[in-house]
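Reading through the structure tokens given below for one structure.
What follows draws every value from the coordinates through simple rules; no lab data is involved. Here the structure is a predicted model, which means the values were calculated and not measured. All Cβ positions, even for glycine, are placed from backbone atoms using ideal geometry, and neighbour counts span all protein chains on display.
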Amino acid sequence: NAGVTQTPKFRILKIGQSMTLQCAQDMNHNYMYWYRQDPGMGLKLIYYSVGAGITDKGEVPNGYNVSRSTTEDFPLRLELAAPSQTSVYFCASSPTGTTNYGYTFGSGTRLTVV
Amino acid sequence: GENVEQHPSTLSVQEGDSAVIKCTYSDSASNYFPWYKQELGKRPQLIIDIRSNVGEKKDQRIAVTLNKTAKHFSLHITETQPEDSAVYFCAARRGYNKLIFGAGTRLAVHP
């Protein structure tokens with residue numbers, strides 16, 4: 001049981017390049033989330049998904065896209081990288097229901113746009 | 001939308017002292033309030049949480065209190081130790097288990 005796996009751990013992008021941050025979970029969680037954490041700041045919700053085929057915007061969705069074709073995978077796409085997207089990106093998942101609201105976080109992807 | 005404010009942004013205490021971090025939230029529909037600890041370069045780790053039908057919860061040296069009327073909740077750490085040094089985040093739950101996080105408190109415990 002690996003929990004939530006994020007790849008890559010580090011990446012440097014040039015302005016205007018594109019990339020996909022990968023996130024996979026093996027806990028059969030329906031809910032998945034992408035957050036970004038700027039230096040010295042809290043986590044901001046980018047996008048979330050409540051199940052395969054269903055995604056919605058969070059607090060800071062501009063410049064990002066997501067898809068959820070399977071329960072396990074929730075990739076985050078950056079189409080035209082900008083310096084403002086330099087951040088640490090965390091993927092998380094949680095079960096549905098009312099007994100356990102706790103998040104399982106991935107280890108994060110540190111992205112630098114130059 | 002939900003807004004979570006957290007204070008103070010930095011907190012410095014001597015080993016053995018108590019530390020208190022406070023958060024306020026805006027959405028009265030929020031019903032779950034977790035606290036996360038994040039060490040440098042690591043992912044956030046859940047340390048304690050409280051639901052809206054409970055006023056206080058304790059787990060060894062840490063406790064969380066909730067005042068639903070005033071829409072604020074607090075983290076209390078007693079007998080602080082150097083290993084408690086980290087950034088602490090509060091959060092409030094919205095629909096579909098979305099968590100809205102505070103900006104964080106950097107706690108330094110000095111020996």
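Some notes on this structure:
- Residue among A:SER18, A:SER87, A:SER93 that is touching a His at 6+ places or on another chain (Cβ under 8 Å) and not hydrophobic (A, V, I, L, M, F, W, C): A:SER93
- Where B:ILE77 falls short, out of the listed (1) more than 12 Å from chain A (Cβ to nearest Cβ); (2) farther than 26 Å from A:SER107 by Cβ; (3) not small (Gly, Ala, Ser): (2)
- Leading residue by the ranking (farthest from B:ILE62 (Cα to Cα)) among those in the range B:1-26 that are of a type in the set (Ser, Thr, Tyr) and part of a strand (DSSP E or B): B:TYR25
- Residue in the range A:51-73 that is under 23 Å from B:ILE47 (Cα atoms) and in contact with a helix residue (DSSP H, G or I) (Cβ under 7 Å, 6 or more places away or on another chain) present: no
- Screening A:ASN1 against (1) within 14 Å of chain B (Cβ to nearest Cβ); (2) without any contact (Cβ under 8 Å) to a residue 40 or more places away in the chain; (3) of a type outside the set (Val, Ile, Thr); (4) not in a strand (DSSP E or B) leaves a single unmet condition, (1).
- Candidate set: the range A:21-46, residues that are within 21 Å of B:ALA92 (Cβ to Cβ) and charged (D, E, K, R); chosen: the one nearest to the other protein chains (Cβ to nearest Cβ): A:LYS44
- Any hit, the range A:86-98, residues being farther than 30 Å from B:SER9 by Cα and touching a Lys or Arg at 6+ places or on another chain (Cβ under 7 Å): no
- Being within 14 Å of chain A (Cβ to nearest Cβ) and touching a strand residue (DSSP E or B) at 6+ places or on another chain (Cβ under 7 Å) is a property that does not hold for B:ARG61.
- Put simply, of A:LEU76, A:LEU80 the only residue that is touching a residue at least 40 places away in the same chain (Cβ under 8 Å), away from chain B (no Cβ under 12 Å) and surrounded by fewer than 16 Cβ atoms within 10 Å (Cβ to Cβ) is A:LEU80.
- Selection within the range B:21-58 - among the β-branched types (Val, Ile, Thr) and either surrounded by 16 or more Cβ atoms within 10 Å (Cβ to Cβ) or under 16 Å from A:SER94 (Cα atoms) (or both): B:ILE21, B:THR24, B:ILE47, B:ILE48, B:ILE50
- Residues of the range A:61-72 satisfying the condition of being surrounded by fewer than 16 Cβ atoms within 10 Å (Cβ to Cβ) and over 15 Å from A:TYR35 (Cα atoms): A:SER69, A:THR70
- Index of the failed condition, B:ALA29 passing every other in (1) touching a residue at least 12 places away in the same chain (Cβ under 8 Å); (2) in a loop (DSSP other than H, G, I, E, B); (3) more than 28 Å from A:GLY97 (Cβ to Cβ): (3)
- Taking (1) in contact (Cβ under 8 Å) with a residue 40 or more places away in the chain; (2) among the hydrophobic types (A, V, I, L, M, F, W, C); (3) surrounded by fewer than 18 Cβ atoms within 10 Å (Cβ to Cβ); (4) within 13 Å of another protein chain (Cβ to nearest Cβ) in turn, B:LEU99 satisfies each apart from (3).
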